[in-house]
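Quick notes on the structure that follows.
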Amino acid sequence: MVMLAAPIESVVSLPLQAAVLDPGGIIREANAGWRRAAAETGLPPDGGIGRDFLAHCTPEQAAGLTAVVAGRSDLFTAVCPSHGPSRTRWILMVALPLAVARPRRIAVLRLDLSGLLPAELGHRMARASHAPAELPADTRDAIVRAVEQTIARVLARPAEPAAAPDPGRSPDGEGADVMAGLPRRQRQVLALLGRGMSNAQIAGALGISMNTAKLHVSAVLRRLGLGNRMQAVALGARLSQERSEAALACNAAE
């Protein structure tokens with residue numbers, strides 16, 4: 001596994017490129033960092049305001065951004081190359097919604113990760129990209145995994161220190177209370193975990209990227225204070241069974 005050259009927390013010291021897209025994917029606002037980076041790659045100095053950003057994305061990236069706009073997911077991350085006249089930079093892209101109502105405006109944030117990579121690795125990726133050849137999967141996975149873990153720590157609510165819960169029981173004994181503590185999307189993820197689904201299957205069922213599915217799984221574990229995925233699977237299955245039993249009891253009472 002290829003590791004990052006510096007802690008991912010050092011990303012905060014990098015210049016942030018930020019833009020706002022309307023629901024149609026058109027760039028409406030851009031900060032100085034975004035405009036400066038655009039000019040370096042030969043784009044208009046205004047950062048492309050008024051242009052369709054999705055038209056410059058890969059199909060996978062466009063699909064991920066569109067999912068955030070449509071409200072099917074609340075976060076999209078990707079690591080992609082940015083080819084300039086003198087060298088190729090590796091960019092982390094993060095998209096977040098700016099509104100609740102759908103379709104939503106979204107913020108697209110970009111960070112140049114090239115300075116975080118070992119020099120030899122960075123040059124090797126740049127040469128490979130001109131070969132052309134794909135970026136080694138383990139390299140991209142290492143970057144994305146580190147980024148996801150950092151975002152999960154930021155977005156997830158702090159959990160009170162507690163002993164690891166019994167995998168067969170909900171932490172407070174009440175399924176309704178457990179589910180009430182999770183956002184809608186994470187409740188869906190927990191239910192699918194209870195059905196034994198993999199991250200790929202969860203992504204397919206919810207219409208989100210695998211990266212987003214992994215992020216939601218991590219957030220569920222953190223919010224519920226669970227130690228591992230199997231505890232989440234057991235809890236999700238138990239809550240699903242409790243709901244089924246409650247529904248049967250309600251029907252019988254009628």
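The values are calculated or read from the model by the stated rules, or taken from the named source; none is laboratory data. A quick note: this is a predicted structure, and the numbers were derived from the prediction, not measured. A quick note on method: Cβ atoms are made from the backbone with ideal geometry, for glycine too, and the neighbour counts reach across all protein chains shown.
Is the range 141-158 home to any residue that is at pLDDT below 85, of a type in the set (S, T, Y) and part of a helix (DSSP H, G or I)? Please lay out each step first, then the result.
Looking only at the range 141-158, we keep the residues that are at pLDDT below 85, and these are 141-158.
Checking which are of a type in the set (S, T, Y) leaves us with 150.
Restricting the remaining residues to those that are part of a helix (DSSP H, G or I) gives 150.
Within the range 141-158 (the criterion being at pLDDT below 85, of a type in the set (S, T, Y) and part of a helix (DSSP H, G or I)), the answer is yes, since at least one residue qualifies.
Filtered by the rule that a residue be part of a loop (DSSP other than H, G, I, E, B) and either surrounded by fewer than 11 Cβ atoms within 10 Å (Cβ to Cβ) or out of contact with any strand residue (DSSP E or B) (no Cβ under 6 Å at 6 or more places or on another chain) (or both), the range 37-61 gives T41, G42, L43, P44, P45, D46, G50, C57, T58.
Checked against (1) free of Cβ contacts under 8 Å to residues at least 12 places away in the same chain; (2) within 17 Å of A18 (Cβ to Cβ), T77 meets all criteria but (1). Return a yes/no flag: does the range 68-81 have any residue that is assigned by TED's automatic domain parsing to the domain that holds L16, in a helix (DSSP H, G or I) and surrounded by fewer than 19 Cβ atoms within 10 Å (Cβ to Cβ). Yes, the range 68-81 has at least one match. Looking across the range 200-225, the residues that are surrounded by fewer than 20 Cβ atoms within 10 Å (Cβ to Cβ) and more than 17 Å from L235 (Cβ to Cβ) come down to A200, Q201, G204, A205, L206, G207, M210.
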